[in-house]
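Structure, as structure tokens:
The values are calculated or read from the model by the stated rules, or taken from the named source; none is laboratory data. Bear in mind that the values here come from a model prediction, so they are computed numbers and not experimental data. Don't worry about glycine lacking a Cβ; one is built from the backbone with ideal geometry, like all the others, and counts go over all protein chains shown. Note: accessible area is taken over every heavy atom of the protein model, side chains too, but ligands, DNA and RNA are not part of it. Shrake-Rupley method; radii C 1.70, N 1.55, O 1.52, S 1.80 Å.
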Amino acid sequence: MTKRTITTKDLYSFKYSGSPRFSPDGNHIVYVVTTTSEEKNGYSSSLYLSLKQQRPIALTRPYADRNIQDHSPFWSKDGKWIYFLSDRDENQQVWRIAPSGGEAEKVTTFEHSVQNFALSHDGHKLVCQLSIPHEEKTDNDDVTIVTQLRYLANGTGIIRKSPQLFLLQLTKPTEKPKALTKVGERLHSAIFSADDNAIFYCKGKSNPEKHDYPYSLYEYDLLTDQENTLYDGKGSIYNVQPSPDGQYVAFCGHDDGEVSPQNNGIWLYSLTKRTCSCITQEEKFSIGQYISTDARFDKGNPDFVWNAKSDSLTYLVTVHGGTSLRTVDLHGRIRSNYESPDEVITSFDRVGSAFTFIAETRTTIGDLYFLKDHHKSQLSDHNKPLFDQLIISEPKAFHYKSEDNWEIDGWMISPPLLDKNKKVPVVLEIHGGPASAYGNTFSHEFQCLASEGYAVVYTNPRGSQGRGSEFTSACYGDWGKKDRLDILNGLDYALEHFSWCDREKLFVTGGSYGGFMTNTIIGQTSRFKAAVTQRCISNLYSFFGTSDIGYYFGSRELGNVDLWEDEDKIMSFSPIRYAKQVTTPTCIIHSEEDYRCPIEQAEQWYVALKRLGVETRFVRIKGENHELSRSGKPKNRISRLHEIINWFNRYA
């Protein structure tokens, strides 16, 4: 077979795996496979089942006439049912299917969509988190009343609904579901206690505009119908998991406010001693997977799981450009289970000494794996028919010293048909966050640029995840300064060590914080032939009041600044202050429904550059939000890629 280079339209053939779950006996694994439809311009997700570590088979299938999402599978304790969420009817509800196959059964029939659910251990009850309308009614549909401080959310727009918990008795089908919480509260992560007599969950504090927005850990006692506060949260709390012996409730998080560079750790709340502490103090890295890519649909499992004896927990961490599975006991002692420096595990599960996980590599999209006794086997290979046709250029990792003599991780992708006797134009890619990371994973965008004849350089500057909290915190109050130098030093290292790179044909692009950095860089240097800034930030002062996270995220990230006391400092970080120095031809790509980095940021940048005579192109994409590059409509994702490639080709 004659192989070819990758194209933008190969997006339609990608298949993504996620959310693997062992059956209670550890013999079977259910997981989710997401496919892309060109005809329906969307995505469908189905459940797949691997029986006794054999090649997986489809348990549910896509609909021919519309995109259906079957996801978030969960086994009943007896292994007879797999419960899952599906929007195959008008609203997303809980369904279940037998592992032997057959027709799925609808379990819930709520008027409103079920966002999350948990099944009791005895299989008799469900707790469901619904999304309930709560906005103030008016006699004019054109009028929206806003009274809360945080009224916007990316992917949602104006927040018109709030979560509410309901208890459903599966053994009493005629009994009306019972509301456990009130409309208008903020909550998540509901789960049953080990004895099924209580439900644990995270809930926001009352009057958050006065008392701040961190969540606290709550218990709803089903025997007394009483809600009790267990732990008063001081930072991030998520992934609530009670121990099998009923002695503890574990969760991920930190105690350093809503936005923090601190590592997310595993915390234990003792139900007998009523104390709470972090047991991963000795872990250098933050709990979880933080490596970004545009080739993944994995809603993910919790970042940790208890072992059956309740004496340890296994968790996932990001280490440089890879991941690691580790176990911590109740005394904080840590040991490694599986180090995967050359791949990225996106979600996992464990039963006994066996592991299952979804793993990506630099040249492959994620697939299902099984690991036991240090022997790893690949169970799925959904993209093999496509990738057997493609020439994929494998990224080469490199490390370099930057400011303060800190070591930085970087990667280089060369064109797949590289002729080292010819000079190759170079694209510098910059990730968002800033507390995100690049790593050893497949990127469709980067491979498309490489197939067009570009070398692609990307790095993890200070502020990124994967090197510990000191590294992540190093760009706080220093946006666009040493982090910018880390990025440019990485480019210079690549130019020095890959002699076929063309120093005269350099290009730069990035999204979100990467868009901010792109704008900052072209305001400081004219060395780039062209730039593409995506979902960018140009004015951090206006960002404070227009972004869904602006005032609290921006304040902490920029060094605890305040709009009224630190106006000049905030503007000193803002690229628009240096717009007069920009000469680089710039393409601006922005989604019209982006409420994370609102389109007004792109509008300001566009007007500034046009007024100053800079060659500028403004690409506005309807119906998309901040997640365009990762989960936007397929046709819009392809249009975005074409805009990037065509803009660079114009100046290459």
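Some observations on this one:
- Selection from the stretch 145-184 of residues that are outside any loop (DSSP other than H, G, I, E, B) and aliphatic (A, V, I, L, M): Leu152, Ala153, Ile158, Leu165, Leu167, Leu168, Ala179
- Just one of the listed residues (Ala190, Ala198, Ala104) is modelled with pLDDT of 95 or more, small (Gly, Ala, Ser) and within 22 Å of the chain's Cα centre (by Cα), and it is Ala190.
- In summary, strands (runs of 3 or more DSSP E) completely within the stretch 270-388 and bearing 3 or more residues that are of a type in the set (A, V, I, L, M) and surrounded by 20 or more Cβ atoms within 10 Å (Cβ to Cβ) occur at 312-319, 364-372.
- Hey, Gly79 of a type in the set (Gly, Ala, Ser), in a loop (DSSP other than H, G, I, E, B) and touching a Ser or Thr at 6+ places or on another chain (Cβ under 7 Å) or not: yes
- Filter pass, Lys505 being touching an Asp or Glu at 6+ places or on another chain (Cβ under 9 Å), more than 30 Å from Val317 (Cβ to Cβ) and among the charged types (D, E, K, R): no
- Tally, over the stretch 443-473, of residues that are without any contact (Cβ under 8 Å) to a residue 24 or more places away in the chain and among the small types (Gly, Ala, Ser): 0
Yes/no matrix, rows are residues, columns are (1) assigned by the TED database to the domain that holds Ile430; (2) assigned to a loop (DSSP other than H, G, I, E, B); (3) in contact with a strand residue (DSSP E or B) (Cβ under 6 Å, 6 or more places away or on another chain); (4) not hydroxyl-bearing (Ser, Thr, Tyr):
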position	(1), (2), (3), (4)
Gly515	yes, no, yes, yes
Asn519	yes, no, yes, yes
Val532	yes, no, yes, yes
Tyr541	yes, no, no, no
Tyr551	yes, no, no, no
Lys569	yes, no, no, yes
Tyr578	yes, no, no, no
Cys597	yes, yes, no, yes
Ala602	yes, no, yes, yes
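- Criterion (in the same structural domain as Asp502 (by the TED database), part of a loop (DSSP other than H, G, I, E, B) and in contact with a Leu (Cβ under 9 Å, 6 or more places away or on another chain)) met by exactly one of Pro416, Pro434: Pro416
- Arg462 meets each of the listed conditions (1) in contact with a helix residue (DSSP H, G or I) (Cβ under 7 Å, 6 or more places away or on another chain); (2) open to solvent by 30 Å² or more (accessible area, probe 1.4 Å) apart from (2).
- Looking only at residues of the stretch 201-226 that are modelled with pLDDT under 95, part of a loop (DSSP other than H, G, I, E, B) and of a type outside the set (Gly, Ala, Ser), we find that the one that is surrounded by the fewest Cβ atoms within 10 Å (Cβ to Cβ) is Asn207.
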